[in-house]
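Visitor: Quick one: structure below, then a few questions.
None of the figures in this text is laboratory data; all of them are computed from the coordinates on show. Keep in mind that this is a model prediction, so the values were computed, not measured. Note that we place each Cβ from the backbone using ideal geometry, even for glycine, and neighbour counts take in every protein chain shown.
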Amino acid sequence: MIRILTIIGARPQIIKAAAVSRAIRGRFSGSVEERILHTGQHYDANMSQVFFDELGIPHPDYNLNVGSGRHGEQTAKMVAGIEDVLLSEHFDGVILYGDTNSTLAGAVAAGKLHVPVYHIEAGLRSFNMSMPEEMNRIVCDRLSTILFAPTDTAVENLRREGFFDSRARFADGRTYSVVNLGDVMYDNSMYFAGIAEKKSDILQRHDLHPGKYVLVTIHRDNNTDNPERLTSIFRALVEVAREMPQYKLVLPLHPRTAKLLPLNLNPRVYEEFGSCRNIVCIPPASFFDIIVLEKNSAVVITDSGGVQKEAYFFEKPCVIMRPETEWVEIVRANAGVIADADTRKIVDATADLLSRKIDYPKVFGDAKAAEHILQYILS
């Protein structure tokens, strides 16, 4: 029996952890014991608690309740709290997900104490060093014993960075181990798709019809906190609503976005946005609700990496409101268009994708990534 500490801190990590926790409780119940630590980086009923309930994840054994704060302040509190937990009992390894401050803190705390780090979603690169997430994922990869890359592109990124011929040695003598066993988010999307259709009434609640609406999600701070970018994005949404009136635009509003709209949006655009009858703003969607919204949409417009992938899993085209994407496979398959915060590009990409015939190559594994990952850790 090996003991694993899973560290999570943000809503996407809770979702990713569901696949591994489910596999541990199933096939690996006799060989892996999991404890869960929630840093409290993001924690409220809509953004965290409901996900534990919906996804059937065991409630955290530890919650650091760190809350929001400056990057350094927040990360430092997490490192100290995680270190206390790792010193209080023995763990054979720490599982980390993605690229948040919780990921960075977990890698630093475990690395300093010589506890092996297993990084799920290793090797992703935007090559944009102004993104805090890019810094976090690079540092985490360097401190990880096993790097679980979700795609061949991620493996190639790590190869170019020297992981395959590195002379680095960990305290137990191990070198880096890089492997592509698939994407745990694909596991979850396929597992929960049918359940979500039965449990969610989101379409009925908002009078939405399959294939007759565009799903929009906006949450990245470089969009929400920048008045020029935010105005450009919402001007595009108003134009899409006007030029394509046969489609509704559905926006599950992230708390930060909802708070900043009246502050950062150009007043005229804010007024136009509010008066568009086919734009529907709704509260943050639960995991089941967002799956149903993605699965039944005509096009997805987003700045979220996770939503980009989920759209692809459900074979829905995607307009990417960022200057780059870690999921280059989506763009290569012509299933996604990088439009950044450019009004005209967003509008034109939406129209183009609505009329484009797209193939969706299977590039994210076989929907059993969590089982493959646990088997690899055990071996």
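Visitor: I want the local charge near residue 199. Using Cβ-Cβ distances under 10 Å, sum +1 for each Lys or Arg and -1 for each Asp or Glu among the other residues.
Guide: Counting the neighbours of residue 199, the net charge comes to -3.
Visitor: Give the residue list of chymotrypsin sites (Phe, Trp or Tyr not before Pro) in the stretch 196-275 that are DSSP loop and have at most 14 other beta-carbon atoms within 10 angstrom.
Guide: Filter output for the stretch 196-275: empty list.
Visitor: Compute the Cα gyration tensor for the stretch 1-138, then decide on rounded, prolate or oblate, letting a ≥ b ≥ c be the square roots of its eigenvalues: rounded whenever a/c is under 1.5, prolate when a/b is larger than b/c in the other cases, and oblate in all that remain.
Guide: Cα axes put the stretch 1-138 in the rounded bin.
Visitor: Once you put a point 7 Å from the Cα of residue 128 and another 7 Å from the Cα of residue 195, both along the Cβ direction, what distance in nm separates them?
Guide: Result: 3.3 nm between the two label points.
Visitor: Anyone know which of 114, 71, 59 comes out most mobile in the 10 Å Cα GNM of the chain?
Guide: 71
Visitor: Further question on the same structure: Under a 5 Å amide H to amide H cut-off, with H placed in plane at 1.01 Å, what residues pair with residue 301 once short-range neighbours are removed?
Guide: For residue 301, whose amide H was placed from the backbone, the distant partners under 5 Å are 215, 216, 217, 319.
Visitor: Do the alpha carbons of any pairs in 199/295; 198/259; 16/357 sit beyond 26 Å of each other, and which pairs?
Guide: Where the Cα-Cα span goes over 26 Å, the pairs concerned are 198/259; 16/357.
Visitor: To continue, here is another question. Subtract the Cα-Cα distance of residue 92 and residue 59 from 0.36 nm times their separation in residues, and report this length gain in nm to one decimal.
Guide: That pair, residue 92 and residue 59, stretches by 9.8 nm at full extension.
Visitor: Same structure again: Report the semi-axes of the equivalent ellipsoid for the stretch 195-355 in whole Å, largest first, where each axis is √(5λ) for an eigenvalue λ of the Cα gyration tensor.
Guide: Working from the Cα gyration tensor, I get semi-axes of 21, 19, 15 Å.
Visitor: What residues have an amide H closer than 5 Å to that of residue 63, excluding those fewer than 5 places away on the same chain, when H is modeled at 1.01 Å from N in the peptide plane?
Guide: 38
Visitor: Still on this structure: Where does the charge balance sit around residue 27 when Lys and Arg score +1, Asp and Glu -1, over other residues with C-beta under 11 Å from its C-beta?
Guide: That sum, taken over residues with Cβ under 11 Å, equals +2.
Visitor: In bins 20 Å wide, starting from 0, what share of all Cα pairs of the chain does each bin hold, as a percent?
Guide: Per 20 Å bin, starting at zero, the Cα-Cα P(r) for the chain comes out as 29, 58, 13, 0 percent.
Visitor: Right, another one. For residue 213, what is the net charge nearby, where nearby means another residue's Cβ is under 14 Å from its Cβ and Lys, Arg count +1, Asp, Glu -1?
Guide: Taking every Cβ under 14 Å from that of residue 213, the sum is +3.
Visitor: Using a 10 Å cut-off around each Cβ, can you sort 102, 297, 31, 130 from fewest to most neighbouring Cβ atoms?
Guide: 130, 31, 297, 102
Visitor: Find, among the chymotrypsin sites (Phe, Trp or Tyr not before Pro) in the stretch 66-163, those assigned to loop by DSSP (not H, G, I, E, B) with at most 13 other beta-carbon atoms within 10 angstrom.
Guide: Here the sparse-neighbourhood loop sites are 127.
Visitor: Please report 38, 90 as a ranked list, fewest other C-beta atoms within 10 angstrom at the top and most at the bottom.
Guide: Listing 38, 90 from fewest to most nearby Cβ atoms yields 90, 38.
Visitor: Expected output is a single nm value to one decimal: the length gained when fully extending between residue 114 and residue 315, i.e. 0.36 nm times separation in residues minus the C-alpha distance. What is it?
Guide: Extending this stretch completely gives an extra 68.2 nm.
Visitor: With runs of 4+ DSSP H residues as the only contributors, calculate the mean residue ellipticity of the chain at 222 nm using -39,500 (n - 2.57) per run, divided by the residue total and rounded to the nearest 500.
Guide: -14000 deg cm²/dmol
Visitor: Can I ask one more? Loop sites only, by DSSP: take the GluC sites (Glu not before Pro) in the chain that have at most 13 other C-beta atoms within 10 Å and name the longest stretch containing none of them.
Guide: In the chain, the maximal stretch lacking such sites is 90-314.
Visitor: Looking only at the stretch 304-343, which residues have a backbone nitrogen under 20 Å from a spot 7 Å from the Cα of residue 355 in the C-beta direction?
Guide: 316-320, 334-339, 343
Visitor: Work out the FRET efficiency for residue 259 and residue 378 from their Cβ-Cβ distance, taking R0 = 30 Å, and round it to the nearest 0.05.
Guide: The formula returns an efficiency of 0.10 here.
Visitor: Using a 10 Å Cβ count of at most 15 others and DSSP loop calls, identify the longest part of the chain lacking such trypsin sites (Lys or Arg not before Pro).
Guide: 71-166
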